[in-house]
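For reference, the structure is listed below as structure tokens.
Each value in this text was obtained by applying a stated rule to the coordinates, not by laboratory testing. All values derive from a computational prediction rather than experimental measurement. As a convention, Cβ positions derive from the backbone with ideal geometry for all residues, glycine included, and neighbour counts pool all protein chains shown.
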Amino acid sequence: MNVGVVGCGRWGRKHLQVLQSLKGDGLVEQIIAVDSNPEVLAQIKQADFKYSSLPENSCDLVILATPSTDHFNHSLRLLEQENHLLVEKPLACSEEEAAQVLACAQKHGRILSVGLLLRFHPAIIHAHAQLKRGNLGQLLEFNFIRRKTDNARVGADVMEEIGVHGIDLACHLLGECDPRTIISSGDSIGARMTLEFAHGIEAHIDVSWETEEEINRIEIIGDKATVIIDSNNHSSYKMIDSSGESLIIIEQPIAPLEAEVRHLLSAVAAHEKGEIWRINPDHGAALRCVKITQKAIYRPALTWPD
């Protein structure tokens with residue numbers, strides 16, 4: 001399978017590294033790197049071909065890792081050229097644009113996925129299974145804390161860039177439910193959000209750049225047990241119950257980005273064979289994340305739905 005990466009900045013280069021590894025496993029045949037900046041392309045070592053624009057009919061799958069403001073136009077063009085597509089989040093910068101991209105994928109019969117990466121985190125997958133088996137009891141609260149010492153990205157919003165993962169996980173853990181109430185505060189560098197779901201379950205999202213220390217903490221709190229996950233740790237997590245604290249070990253964990261790309265390659269292969277395929281997240285979840293993040297960015301306090 002031939003895979004192209006459009007946009008070879010920080011995330012694009014991570015995708016190229018994963019594709020190079022998967023090429024060694026025989027899952028990828030050719031890697032095509034695309035970037036409008038020749039200096040960026042000159043630094044790329046993992047590609048078989050490098051272009052300033054993607055040649056038509058050159059790829060089975062394209063990964064779009066350009067700045068988010070370009071996602072809408074690039075996605076429409078790539079889908080109209082009959083490419084299957086993985087778009088790094090966000091899918092688009094507005095609900096209307098995101099809906100148009102989803103409609104375009106449906107019209108052309110193409111697979112379209114969005115990079116909501118933590119769905120593929122091995123510790124989160126394992127903890128989610130614990131929740132579904134009833135080992136945590138009734139879910140009471142979900143906390144997502146991500147504080148980064150990095151400088152804020154120019155023109156970016158921390159809720160759209162980082163907080164969206166917490167929003168998506170909260171809805172995912174609750175069976176893809178939408179929140180009924182949203183309260184948000186803060187600014188583009190540091191922001192907080194509370195999502196209230198049915199039965200009084202709350203999710204708290206606390207994200208910021210330019211902090212003094214790094215924090216990557218996810219808490220899934222039930223009435224029988226609590227799970228604490230460090231999102232940088234793919235091999236274990238903590239579980240606390242009435243008997244104390246235990247360390248849960250994940251056997252043979254696969255890094256989230258590799259797992260995500262493997263999942264999509266499998267879906268594309270099934271699609272081309274005429275077999276049943278699925279994507280994770282589905283289109284409804286991708287649209288929901290755009291909808292919630294955009295409302296939170298532009299309207300500091302609101303009730304959902306409004």
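Contact order for the stretch 32-153, expressed relative to its length and based on alpha carbon pairs under 8 Å spaced 6+ residues apart, stands at 16 percent. Restricting the calculation to alpha carbons of the stretch 161-306 gives Rg and Dmax of 17.5, 52 angstrom.
With 0.36 nm allotted per residue and the present C-alpha distance subtracted, the Ile240-Gln252 stretch has 2.0 nm of extension available.
When both the stretch 127-198 and the stretch 60-79 are represented by their alpha-carbon centers, they are found 25 Å apart. Its DSSP H runs of at least 4 residues, each contributing -39,500 (n - 2.57), put the calculated 222 nm mean residue ellipticity of the chain at -10000 deg cm²/dmol, to the nearest 500. As a proxy for reagent exposure, ranking Phe144, Phe197 by other Cβ atoms within 10 Å from fewest up yields Phe197, Phe144. Using a 7 Å offset from Cα along Cα-Cβ at Asn233, what residues in the stretch 251-288 end up with backbone N under 14 Å from the label point? Hits in the stretch 251-288 for Asn233 at 14 Å: 251. One quarter of the convex hull surface built on the alpha carbon atoms of the stretch 90-168 amounts to 7.7 nm², the projected area averaged over directions. Say the cut-off is 29 Å between C-alpha atoms; which of Lys132/Lys238; Lys107/Lys295; Lys238/Lys291; Lys14/Lys224 go over it? Result: Lys238/Lys291; Lys14/Lys224 exceed 29 Å. The GluC sites (Glu not before Pro) found in the stretch 207-256 that occupy coil by DSSP, while having at most 15 further C-beta atoms within 10 Å, are Glu210, Glu212, Glu213, Glu214, Glu251.
Placing pseudo-labels 7 Å out from each Cα toward the beta carbon at Ile189 and Ser266 gives an inter-label distance of 4.3 nm. Peptides 174-186, 62-74, ordered by how many other C-beta atoms sit within 10 Å of their residues on average, highest first, read 62-74, 174-186. Once you divide the Cα radius of gyration of the stretch 88-246 by 2.2 N^0.38 Å, the number left is 1.10.
Each of Glu80 and Thr211 was given a label point 7 Å from its Cα along the Cα-to-Cβ line. The distance between the two points is 4.2 nm. Note on the stretch 1-93: Rg/Rh from C-alpha atoms, Kirkwood Rh, equals 0.93. Each Cα pair under 8 Å and six or more residues apart adds its sequence gap; the mean of these over the residue count of the chain is a relative contact order of 18 percent.
Against the empirical 2.2 N^0.38 Å (N residues), the stretch 30-158 has a Cα radius of gyration ratio of 1.32.
Every Cα-Cα pair of the chain was included, and the share exceeding 28 Å stands at 40 percent.
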